[in-house]
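Participant: Encoded as structure tokens, here's the structure I'll be asking about.
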Amino acid sequence: GKFLVFSIGRLVKRKRYDILLKIAERIKDNDTIFLIAGEGPEKEKILNTIKEKDLENVKLLGKISEREKYYLLSKSNLYLQCSEYEGFGITYIEALSMGVPVLAYKNDAILEIKEKVKDGIFIFSSVEEGANLIEEIKNNKVIISKEDLIKKVISLYSWDVVIQKYYEVFQEVLKGKK
């Protein structure tokens, strides 16, 4: 079957889709498909690069619904994000919570998530390194347990856990006020 690499986000400069396209250019095989979902000012530039470089392995999907996003994530082998900067990195968590490993360009958000989650997260700082990691993941050179990944992420980031942490913080604050 095909190896699906999924990416979603606003098509803006800081999301660095130029890096994603350079990686796709290095992995021009019929097995690896790069799916990009999202809208934004960089759309034309991305489409032009796909045409110019003849990247038949890249599909620009445009804006998709939440339901479509989760469907595509469930079918993906890898989630790829090339952002130089992310606030919290919710899309990383969404992918991981579905057992999809994440390949991300080095930024503070992904480093913080990797510190907690550990497995299933791969970080790169160059096009070459990103392309090599995709090949390694694709050729099963890294073992990723989907089930363990889901369990781990849910234990760290589910709403119940987040709410419990907030509750504990509020309790501390209230104790301090007495």
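The values are calculated or read from the model by the stated rules, or taken from the named source; none is laboratory data. Keep in mind that what you see is a predicted model, and the values were worked out from it rather than measured. Please note: Cβ atoms are built from the backbone with ideal geometry, for glycine as well, and neighbour counts cover all protein chains shown. We work out accessible area using only protein heavy atoms, side chains counted, and drop any ligands, DNA or RNA first. Shrake-Rupley method; radii C 1.70, N 1.55, O 1.52, S 1.80 Å.
Participant: Somewhere in segment 120-132, is a residue more than 24 Å from residue 27 (Cα to Cα) and not aliphatic (A, V, I, L, M)?
Facilitator: No: zero hits.
Participant: Next question, about the same structure. Within segment 38-53, take every residue that is touching a helix residue (DSSP H, G or I) at 6+ places or on another chain (Cβ under 9 Å) and assigned to a loop (DSSP other than H, G, I, E, B) and give me the one that is farthest from residue 17 (Cα to Cα).
Facilitator: Checked segment 38-53; the qualifying residue farthest from residue 17 (Cα to Cα) is 53.
Participant: Against the conditions (1) closer than 19 Å to residue 134 by Cβ; (2) assigned to a helix (DSSP H, G or I); (3) not small (Gly, Ala, Ser), where does residue 59 fall short? Just the number, please.
Facilitator: All conditions pass for residue 59, except number (2).
Participant: In segment 73-90, which residues are in contact with a strand residue (DSSP E or B) (Cβ under 9 Å, 6 or more places away or on another chain), closer than 17 Å to residue 42 by Cβ and either loosely packed, with under 12 Cβ neighbours inside 10 Å or touching a residue at least 60 places away in the same chain (Cβ under 8 Å) (or both)?
Facilitator: 80, 81, 82, 83, 84
For every residue, the table says whether it meets (1) without any contact (Cβ under 8 Å) to a residue 24 or more places away in the chain; (2) basic (Lys, Arg); (3) in contact with a Ser or Thr (Cβ under 8 Å, 6 or more places away or on another chain); (4) surrounded by 13 or more Cβ atoms within 10 Å (Cβ to Cβ).
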{"site": "121", "(1), (2), (3), (4)": "no, no, no, yes"}
{"site": "126", "(1), (2), (3), (4)": "yes, no, no, yes"}
{"site": "129", "(1), (2), (3), (4)": "yes, no, no, yes"}
{"site": "137", "(1), (2), (3), (4)": "no, no, no, yes"}
{"site": "147", "(1), (2), (3), (4)": "no, no, no, no"}
{"site": "150", "(1), (2), (3), (4)": "no, no, yes, yes"}
{"site": "160", "(1), (2), (3), (4)": "yes, no, no, no"}
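Participant: Follow-up. With respect to residue 107, is the statement that it is free of Cβ contacts under 8 Å to residues at least 24 places away in the same chain and not aromatic (Phe, Trp, Tyr) true? Full working, then the answer.
Facilitator: On the way: free of Cβ contacts under 8 Å to residues at least 24 places away in the same chain: no; not aromatic (Phe, Trp, Tyr): yes.
Here the answer is no, as residue 107 does not meet what is asked.
Participant: Now for a different question. What single numbered condition from (1) without any contact (Cβ under 8 Å) to a residue 60 or more places away in the chain; (2) open to solvent by less than 40 Å² (accessible area, probe 1.4 Å); (3) closer than 28 Å to residue 146 by Cβ; (4) not in a loop (DSSP other than H, G, I, E, B) fails to hold for residue 70?
Facilitator: Failing condition for residue 70: (2).
Participant: Let me ask another. Can you tell me which condition residue 23 does not meet? The list is (1) modelled with pLDDT of 95 or more; (2) closer than 30 Å to residue 159 by Cβ; (3) open to solvent by less than 10 Å² (accessible area, probe 1.4 Å); (4) not small (Gly, Ala, Ser), and all the others hold.
Facilitator: In the conditions (1) modelled with pLDDT of 95 or more; (2) closer than 30 Å to residue 159 by Cβ; (3) open to solvent by less than 10 Å² (accessible area, probe 1.4 Å); (4) not small (Gly, Ala, Ser), residue 23 misses (2) alone.
Participant: If you don't mind, there's one more thing I want to ask. Within segment 123-178, can you find the residues that are of a type outside the set (D, E, K, R), over 23 Å from residue 97 (Cα atoms) and in a loop (DSSP other than H, G, I, E, B)?
Facilitator: The answer is 125, 126.
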